[in-house]
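**Student:** Before we start, here is the structure in question, set down as structure tokens.
The values are calculated or read from the model by the stated rules, or taken from the named source; none is laboratory data. Only a predicted model underlies this, so the values are computations on that prediction, with no experimental measurement involved. With ideal geometry, Cβ positions are generated from the backbone for all residues, glycine too; neighbour counts draw on all protein chains shown.
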């Protein structure tokens, strides 16, 4: 028994969901009439089992566990309320869940879990506008939550609001400037928007921060080629940023470098991937 | 809840601290970490006296001490140290004690109150130390004294003022004074030709008028066994004669009477009379002893002279005793009695004047203290008697009649200590070792049994400690720890002393308990050397001390290796001839790990050198060591030269000899006043820091050579020159001339060296610009490799033969007082600063910190910022006699001969030992006790606080857990 409790704790500490295994471990414990251990850790295990139950659609089990938590911590517990909201979400009572989250936020507008739950629920329901508004309100309070910034960026992207999405990624970059993934997102958004000079710089920052980053080098090559292409056009047709962009020779060398590095990376995987990569790069 | 938990913890801690008021009364450390033994020396004159109902034993000793001892306990009631004076006569009477002494160019007479020891008066006359002197009470109740001092017969009254004085002239060496019949008689042996004889000068007691002077007892000398002064009579036996002639002092007709021993001793045959000897019994009384051999047995008879009504002299036998192999003595205080103490077993017999018979036994360890050589009988206040005996080894014993054991004993051998060595002791046994010692072999076979025994032993130790704590003594009783067991801090060591009476004795440095004593020879022990240190395992070879002693009777030198923990003689060699001039421990060891010792006899050529132990193996080891590293030593073999020698082996490699290496001749007109300083060991000069960091972070590198030696020379033109020599090359490193200084017996030159610092002190008749304008001056000389910061000798090899000249920084200070010895403290790793300990003539041991003696102290101006950063304070000439720095606090450590410092295992702490007349041991922490808990630190409180906190945590933990859960689910 103690092994099962220990395994549950290990799963919990690894932040994994793994609902099937959690339920497989917990059901014999609950079925035997015993609890999930003693002390503070037991209640964390109940919460874990509850989440696993709603993940797996075991609504009866979820209801029983929720009942036990409710009995222990009472109706005033915000954490139990959130779990109740999740139960309602899983049961398809979205309005009820939304009401409960609303109540929780009315009681404490800084309740992070309630806010996030509400935003996640709105997003799942496809109410992107409301979800965006809630997330913006959330970020007004919790501006240092870079994951929320990335989430907001993703919401804007889904709505083709690229400048707003780029702004969100900039916020994340400000908080973690050494994270190459943020630079990559930012570069790709700018590439999409046509701000190729910024995109080139950011792709180069990506390959600087991450050795032989394939996505980064491919971005460098694409961007450099696109800028060269733009620079070859007549002056009048060139975009405004063309003058500030690097000289064609530099761009060519960058493109060659990116190609060489991409072939080198794929060549390391074997002859066949290298040939495929050569063919693909020749096409693009 | 965390706040609540903190409150609980703090509350419990506060409770524990509050309990300290009841538990934390720490006694003063005085007398606990230090110990002091007031000694008097070996008595050469003893007298008993009862005054106002209290009996005391008065002693004059060979260390120049006059002391009153309690007759029942042997404790010192009072003592007076007449340092540097030889005490001639000791007389007690009428509640007064009279001592006549000579020394320092004066003959002195002092009278003290017998009860309190308060000086009543003193009288001094200029005299040579060889001039005879004597003193007697006038005996009329006035307390006046008639004395021979400075070639005159003087009557000295109260206040020490001479009432009259009569010059005696140089015809005889007047060494006796007799007061009788209104006259004072000075008696002396005639000088010059004429075949000896006694010269008597008679003076009127009232005014000192010369009444008569004449010669008597031609050809006789006092102390020869054929002539004595007994009261107012001079008694002598002509050589080859069997009758005595007795002369009543002052009588003219007849000049002498004839007496025959048959009058008192019927059994005397003429041949016995011819070999008999006369001895003095009680000073001033008309009594003497006759000692003769009869039928192989020695007998002593006490005889009293009496005068018949017709003026004729008669004799009366007072007592007779067989005195085979015994020391004989008399009883003072009017009740003439004879006591004989057997030299072999301490049994004593006494006969009183009235036929009273007493006997008893003074049991003692004759192997440790030698035979009894002196005896006396003392009357107590209640009319009882005490036999007092002094052994050759310096033990003073006192016993009551009928008792087998001595009533008390005082070991005075160490008042004559000549040398001392400190021996490390093995640490106390662990619980496992105790268990192994206590278990029987069968139980030892089982690991579980051994484990259980070990825990049982530890539990018993803890229980004993707790029991001691409950009884109010938290520290374990030192008495329970054997004197040969050390401690974990190195505080407990054995101090092995050599004494002038041939005794080697080991005392524990903590508390002074005696571990063992052994008498090696009938002469002085010149040197004690630790030849092998304590090994970590009991099975290893034992620690060894080697003692070099003189055998006065056999004219030989005894070199003995002793087990340092038991005193057992491991090896003893008797070398014929005079003692060696130098005993030099060598940096080489024999195959068994025992350090080799060179015995050096000085002659006009190369000194004779012998290696001890005298085995071929030892010689080979020495030759191997000398081949690896040249061994040097120096000798001051005449008044104007110091020579250095190198130990050299012949081609066969087993005959070490001394080859001349260098000679340092003093400049013309100078004679050696203080020989080169004693060479202890290299560790005394070891340093933790190679340089001295100045305020600007530059470094002055120290001149760290273990071969620097200091000597002083007296200049014919006046003044003293001090030289620092290198012992290896003989090169002069530094010299200083003190034009107004003087060195002599009264003003000794004392010096010490440590690291790169030499400190010496000498008397100055004139100190320019100082007030008072004369006094002792302490000079400090620091040796550096260069006077330029950061410059140092970069050569990789540091050879004494090829060293650069040091840069010397010196400063002179007004000494805190006349010092008889100096020493620098030593610690384990030489990190702690070195205090300099001054043994002052006043009996104080003063410890001065190194910064105070710094020659770099700025003169005439406050220190600059750099100098302040270096820790320098402005120069001030006087070295303060700060009572807080007096290590001996209330004790008077008299006549200190040498101060020794030894490291302990704690870097902060050094042991300091002073010996001379008295013994004193203490611990010093020159830089503070930075690696120890304060004495006021309560371990009990710490344990109680820890337990309380643990209990608080146990109580608070569930509450805190509940709170955390509730907050997480709020």
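**Student:** Filter segment A:222-238 down to the residues that are part of a helix (DSSP H, G or I) and surrounded by fewer than 23 Cβ atoms within 10 Å (Cβ to Cβ) and list them by number.
**Tutor:** A:222, A:225, A:226, A:228, A:229, A:230, A:231, A:232, A:235, A:236, A:237
**Student:** Are there any helices (runs of 4 or more DSSP H) wholly within segment A:1-104 with 1 or more residues that are within 19 Å of residue A:118 (Cβ to Cβ) and more than 14 Å from chain B (Cβ to nearest Cβ), and if so which?
**Tutor:** Values: elements: A:2-13, A:19-31, A:40-56, A:59-73, A:78-91.
Per the criteria, A:40-56, A:78-91.
**Student:** Right, another one. Which is buried (at least 16 other Cβ atoms within 10 Å of the Cβ), in contact with a helix residue (DSSP H, G or I) (Cβ under 9 Å, 6 or more places away or on another chain) and farther than 24 Å from residue B:379 by Cα, of B:164, B:121?
**Tutor:** Being buried (at least 16 other Cβ atoms within 10 Å of the Cβ), in contact with a helix residue (DSSP H, G or I) (Cβ under 9 Å, 6 or more places away or on another chain) and farther than 24 Å from residue B:379 by Cα holds for just one of B:164, B:121, which is B:121.
Conditions (1) free of Cβ contacts under 8 Å to residues at least 60 places away in the same chain; (2) under 30 Å from residue B:487 (Cβ atoms); (3) in contact with a helix residue (DSSP H, G or I) (Cβ under 9 Å, 6 or more places away or on another chain), marked per residue:
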| residue | (1), (2), (3) |
| --- | --- |
| B:503 | no, yes, yes |
| B:512 | no, yes, no |
| B:534 | no, yes, no |
| B:547 | yes, yes, no |
| B:552 | yes, no, no |
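**Student:** Now for a separate question. How many residues, within segment A:264-284, are surrounded by 15 or more Cβ atoms within 10 Å (Cβ to Cβ) and within 18 Å of residue A:203 (Cα to Cα)?
**Tutor:** Qualifying residue count for the region: 2.
**Student:** What are the residues in segment B:872-888 that are out of contact with any strand residue (DSSP E or B) (no Cβ under 9 Å at 6 or more places or on another chain) and surrounded by fewer than 16 Cβ atoms within 10 Å (Cβ to Cβ), if any?
**Tutor:** B:873, B:874, B:883, B:884
**Student:** For residue B:180, work out the one condition from (1) crowded, with 16+ Cβ neighbours inside 10 Å; (2) free of Cβ contacts under 8 Å to residues at least 60 places away in the same chain it doesn't fulfil.
**Tutor:** Residue B:180 satisfies every listed condition except (2).
**Student:** Let me ask another. Go through the residues of segment B:904-926 one by one and say whether even a single one is surrounded by fewer than 13 Cβ atoms within 10 Å (Cβ to Cβ) and over 17 Å from residue B:846 (Cβ atoms).
**Tutor:** No, segment B:904-926 has no match at all.
**Student:** Within segment B:392-452, which strands (runs of 3 or more DSSP E) (wholly inside it) include 3 or more residues that are at pLDDT 75 or above and farther than 29 Å from residue B:542 by Cβ?
**Tutor:** B:395-399
**Student:** To continue, here is another question. Any chance you could count how many residues in segment B:570-580 are in contact with a strand residue (DSSP E or B) (Cβ under 6 Å, 6 or more places away or on another chain) and exposed (fewer than 14 other Cβ atoms within 10 Å of the Cβ)? Walk me through it before giving the result.
**Tutor:** Taking segment B:570-580 first, the residues in contact with a strand residue (DSSP E or B) (Cβ under 6 Å, 6 or more places away or on another chain) are B:570-576, B:579-580.
Still in the list and also exposed (fewer than 14 other Cβ atoms within 10 Å of the Cβ): B:574, B:576.
So the count comes out to 2.
**Student:** Right, next: Can we say residue B:636 is in contact (Cβ under 8 Å) with a residue 12 or more places away in the chain, touching a strand residue (DSSP E or B) at 6+ places or on another chain (Cβ under 6 Å) and part of a strand (DSSP E or B)?
**Tutor:** Here the answer is yes, as residue B:636 does meet what is asked.
**Student:** I need a count of the residues in segment B:176-206 that are farther than 15 Å from residue B:216 by Cβ and either in a loop (DSSP other than H, G, I, E, B) or within 40 Å of the chain's Cα centre (by Cα) (or both).
**Tutor:** Here the count works out to 10.
**Student:** Name every residue in segment B:354-377 that is more than 29 Å from residue B:523 (Cα to Cα) and surrounded by 18 or more Cβ atoms within 10 Å (Cβ to Cβ), in order of residue number. Step through it out loud before you land on a result.
**Tutor:** Of segment B:354-377, the ones more than 29 Å from residue B:523 (Cα to Cα) are B:354-360.
Within segment B:354-377, B:358, B:360 qualify.
**Student:** Within segment B:936-970, can you find the residues that are more than 14 Å from chain A (Cβ to nearest Cβ), modelled with pLDDT under 90 and surrounded by 13 or more Cβ atoms within 10 Å (Cβ to Cβ)?
**Tutor:** The one that is more than 14 Å from chain A (Cβ to nearest Cβ), modelled with pLDDT under 90 and surrounded by 13 or more Cβ atoms within 10 Å (Cβ to Cβ): B:938.
**Student:** When you go through B:282, B:320, B:327, B:340 one by one, which is the residue that is in contact (Cβ under 8 Å) with a residue 24 or more places away in the chain, in a loop (DSSP other than H, G, I, E, B) and out of contact with any helix residue (DSSP H, G or I) (no Cβ under 9 Å at 6 or more places or on another chain)? Walk me through it before giving the result.
**Tutor:** Numbers: B:320 fails: in a loop (DSSP other than H, G, I, E, B); B:327 fails: in a loop (DSSP other than H, G, I, E, B); B:340 fails: in a loop (DSSP other than H, G, I, E, B).
Going through B:282, B:320, B:327, B:340 in turn, the sole match is B:282.
**Student:** When you scan segment B:740-748, do you find a residue that is in contact with a strand residue (DSSP E or B) (Cβ under 8 Å, 6 or more places away or on another chain) and part of a strand (DSSP E or B), even just one?
**Tutor:** The answer is yes; a qualifying residue exists.
**Student:** Filter segment B:673-708 down to the residues that are modelled with pLDDT of 90 or more and assigned to a strand (DSSP E or B), then identify the one that is surrounded by the fewest Cβ atoms within 10 Å (Cβ to Cβ).
**Tutor:** B:693
**Student:** Of all residues in segment B:771-799, which are surrounded by fewer than 18 Cβ atoms within 10 Å (Cβ to Cβ) and closer than 27 Å to residue B:835 by Cα? Walk me through how you get there before you give the answer.
**Tutor:** Restricting attention to segment B:771-799, the residues satisfying the condition of being surrounded by fewer than 18 Cβ atoms within 10 Å (Cβ to Cβ) are B:771-775, B:786-791, B:793-799.
The answer is B:771, B:772, B:774, B:775, B:786, B:787, B:788, B:789, B:790.
**Student:** Go through B:928, B:916 for me and flag whichever is at pLDDT below 90 and either more than 24 Å from residue B:852 (Cα to Cα) or more than 14 Å from every other protein chain (Cβ to nearest Cβ) (or both).
**Tutor:** B:928
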